[in-house]
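Here is the structure we will look at, set down as structure tokens.
The values are calculated or read from the model by the stated rules, or taken from the named source; none is laboratory data. The structure displayed is predicted, hence computed values, not measured ones. Reconstructed Cβ throughout: ideal geometry from the backbone, glycine too, with neighbour counts over all protein chains shown.
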């Protein structure tokens, strides 16, 4: 598309070149620049300007902030990423300061990003957490560059803080046993969840995703194959690393859906309804905490 120009002063001209249609913003994008000279000189400069824009060398002059880029990029990834991954990105970009979010993305430079990372590390953020934020920043800026919003990906060449291994000191088995016993005494249902996590090594979401059908009383094992995930106000089950964990020899009292299981189901159902929610028939604890393994 040919450009256009209009006179702003005796020797001042505004040159306008069409960039393209932004499908996400649902509007046409134009690049503008001011040129000083005669009409003939402005016409020649307009031809060069149009060619430059056609080659992707010019961004729209309407400033787009880093904050807007992060928001639009995250929205564009909603249908491409798993809910848990999307949540991690959403949490990561909350660490970008409001001051930095207001900077036009085409003016963002590596030193801005490095200053942000240094400030976060100084406030106690780990190197691995900074890298999660960096991954989100890098992808969002690359997304902006592809759409002509910036000519520079400011994360390129940024020096990341070192990764320092944290010394992990897990509690002793006796300490874990004492904590779980205490919880079982005060609340058998929650105690069961903690016991399952402690003695099977499953994750919190996997423990919450256990269903009656996962319990095999004949061979004495529990199958872990899904994880409960909450994202965007919705709860759902997602696939997890499938594995069968034996509970033979552990002094837990597995229960079936009949008998004591009905009592447990009703008790848990009442607790859930008190929170204004409803409990699926199959989504109840599969193990009842009794004496713990010695």
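Criterion applied to 58, 102 was being touching a strand residue (DSSP E or B) at 6+ places or on another chain (Cβ under 8 Å), at pLDDT 90 or above and over 30 Å from residue 227 (Cβ atoms), and the one residue passing it is 102. Of everything in the stretch 215-234 that is modelled with pLDDT of 80 or more and over 21 Å from residue 84 (Cβ atoms), the residue that is nearest to the chain's Cα centre (by Cα) is 223.
Being within 30 Å of residue 30 (Cα to Cα), touching a residue at least 12 places away in the same chain (Cβ under 8 Å) and either touching a strand residue (DSSP E or B) at 6+ places or on another chain (Cβ under 6 Å) or not assigned by TED's automatic domain parsing to the domain that holds residue 30 (or both) is a property that residue 180 lacks. The residues of the stretch 79-104 that are in contact (Cβ under 8 Å) with a residue 40 or more places away in the chain and either at positive phi or under 21 Å from the mean Cα position of the chain (by Cα) (or both), listed by number, are 82, 83, 84, 86, 87, 88, 89, 92, 93, 96. Scanning the stretch 191-220 for residues that are outside any loop (DSSP other than H, G, I, E, B) and crowded, with 16+ Cβ neighbours inside 10 Å yields a total of 17. Taking the condition free of Cβ contacts under 8 Å to residues at least 12 places away in the same chain, in the same structural domain as residue 242 (by TED's automatic domain parsing) and exposed (fewer than 13 other Cβ atoms within 10 Å of the Cβ), does residue 185 pass? Spelling it out, residue 185 is indeed free of Cβ contacts under 8 Å to residues at least 12 places away in the same chain, in the same structural domain as residue 242 (by TED's automatic domain parsing) and exposed (fewer than 13 other Cβ atoms within 10 Å of the Cβ).
Tell me, which residue of the stretch 124-159 that is part of a helix (DSSP H, G or I) and under 14 Å from residue 65 (Cα atoms) is modelled with the lowest pLDDT?
It comes out as 145.
Among residues of the stretch 117-139 that are under 16 Å from residue 77 (Cα atoms), those with a Cβ under 6 angstrom from a residue that is in a loop (DSSP other than H, G, I, E, B) and at pLDDT 90 or above, sequence gap 6+ or separate chain, pair up as 133/95; 137/155; 138/155.
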